[in-house]
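For reference, the structure is listed below as structure tokens.
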Ligand code: PMP
Ligand code: PLP
């Protein structure tokens, strides 16, 4: 489809939940057309007087977009420093610009406290929405013309509002079999059920989605055929998997065929590190030297790029690329859904916190679109460095070998299999090594998903996998290393307890290099002991 000749969203109003249909616009809305007229005196809104806000100005310092690398104190001189030196950048202390927002301003275009801290119903600050709209159009290039954006309090908020706008109690929502637990916790109290789909190295499998939809029997399943799919396509939480363009096309095609709405929860979109290359073969990062336009063009396309019908609600968040405490994000979707989401916002959160909006908007106004892209590019390099460091640390502690999976959900995929010397585990074992865990180095995001080979454990078959997983988790925690236990991320919470392997989610976003080294040492020594266990007391 030619980008210039974009059509409009189709009518998808039949997807709205009963609650979404029942929402009325605020009575003030109809009056707004008068309020914009010059000379009109408004005595209508119950707004507090801006002169009495006890804060008369807000100021701060913002890093310039080319600030990276921001070295961790204990990190060796970054392999990326050469890139930043090209820009002639020096110490972090020099890399800030000040800003101040006053209560009032003579210039209509300026941010003011009078506007930012005042009620604004469900709307974001106009300056912020202008930036968001420019960004959405240039980066995601939606495939239809009348898409709309609406502000929210980050993706947690966007997820809840989207699902309740689309689903009634008793309905189901499709999820990957491993998923972000907060979304499950969001829907369950409303009587909305997760329907898990199989995943592979490309995320949710399109064949399983198609088979599940085409074979759906309401009387067997006890609920109508789901019409909503929740997906985290980049650096998936918890598996770290990124969905490629072809898989996205397949999934989108199935959703068109079966009339399914996609909720694209994509907070890790800008942490697209690219493939892991072992330390010995590593060269300077080729992506770092790309122009901004080339860099954007190389990012995995959002579902918005494919969505010619308007059946995707894309959720963006400033949490992972500015700060989670800003509680700010936005949804991009067809105008009907956007309008219903706005109604939901009017009676729940209203506009996001004015202070958060001031800081994020001031930052983006300083940086402008080009600066924000440079910031995101630099941020990606930082997380790429962390991903590389963490996998390097594992490689130092375990004997890692690349192997192509011949069975299971990663069939055909190259994984790193970590083994320990068998002599240290089973005294009489003839094989030199025994595989204890495997993983695929993630190409995006913050997570490594460790798959634990419980089938090589002496107690395999006598105990449930979840029991082995929790025993290992406790041993690691006792030794000073706390990981995300796999069962927490199961869309069905432990119903697949009899599976052969266990999992742990490891996040490399925060720890220092020293902590990474220590963590992989703890992993290897705890595994060594764990694999020798001949009995476990289940309490
Ligand atoms: N309740 C009443 C009775 C109100 O008058 C208002 C503000 N107009 C609100 C709630 C909304 O309060 P808040 O800004 O704390 O959400
Ligand atoms: N969605 C996913 C998949 C996440 O991993 C997270 C954060 O951990 C969130 C949403 C929450 O995002 P936000 O801070 O924007 O609410």
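Per-structure values
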| read-out | value |
| --- | --- |
| Qualifying residue in the range 154-177 (condition: outside any loop (DSSP other than H, G, I, E, B), within 13 Å of ligand 2 (Cβ to nearest atom) and surrounded by fewer than 20 Cβ atoms within 10 Å (Cβ to Cβ)) | no |
| Pick from the range 329-353, criterion surrounded by 19 or more Cβ atoms within 10 Å (Cβ to Cβ) and closer than 30 Å to residue 98 by Cβ, ranking: farthest from ligand 2 (Cβ to nearest atom) | 351 |
| Qualifying residue in the range 454-463 (condition: within 30 Å of residue 381 (Cα to Cα) and in a loop (DSSP other than H, G, I, E, B)) | no |
| Subset tally (residues that are surrounded by fewer than 19 Cβ atoms within 10 Å (Cβ to Cβ) and either in contact (Cβ under 8 Å) with a residue 24 or more places away in the chain or in a strand (DSSP E or B) (or both)) for the range 278-287 | 5 |
| Members of the range 464-492 found to be touching a residue at least 60 places away in the same chain (Cβ under 8 Å), assigned to a helix (DSSP H, G or I), farther than 18 Å from residue 524 by Cα and touching a helix residue (DSSP H, G or I) at 6+ places or on another chain (Cβ under 7 Å), listed by number | 486, 488, 489 |
| Some residue of the range 135-142 being within 22 Å of the chain's Cα centre (by Cα) and closer than 17 Å to residue 336 by Cα | yes |
| Verdict on residue 332 being at pLDDT 95 or above, within 16 Å of ligand 1 (Cβ to nearest atom), under 26 Å from residue 229 (Cβ atoms) and in contact with a helix residue (DSSP H, G or I) (Cβ under 7 Å, 6 or more places away or on another chain) | no |
| Matching residues, the range 106-124, being surrounded by fewer than 21 Cβ atoms within 10 Å (Cβ to Cβ) and in contact (Cβ under 8 Å) with a residue 40 or more places away in the chain | 114, 117, 118, 119, 120, 121, 122, 123 |
| Hey, residue 342 closer than 30 Å to residue 25 by Cα and either part of a helix (DSSP H, G or I) or within 16 Å of ligand 1 (Cβ to nearest atom) (or both) or not | yes |
| Conditions (1) surrounded by fewer than 21 Cβ atoms within 10 Å (Cβ to Cβ); (2) within 24 Å of residue 63 (Cβ to Cβ); number of the one not met by residue 273 | (1) |
| Selection from the range 346-362 of residues that are within 16 Å of ligand 1 (Cβ to nearest atom), part of a helix (DSSP H, G or I) and touching a helix residue (DSSP H, G or I) at 6+ places or on another chain (Cβ under 7 Å) | 354, 356, 357 |
| Test: residue 418 is touching a residue at least 24 places away in the same chain (Cβ under 8 Å), buried (at least 21 other Cβ atoms within 10 Å of the Cβ) and over 24 Å from the mean Cα position of the chain (by Cα) | yes |
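The values are calculated or read from the model by the stated rules, or taken from the named source; none is laboratory data. Just so it is clear, the model here is predicted, and its values are computed rather than measured. Cβ sites come from the backbone with ideal geometry, for glycine too, and all protein chains shown count toward neighbours.
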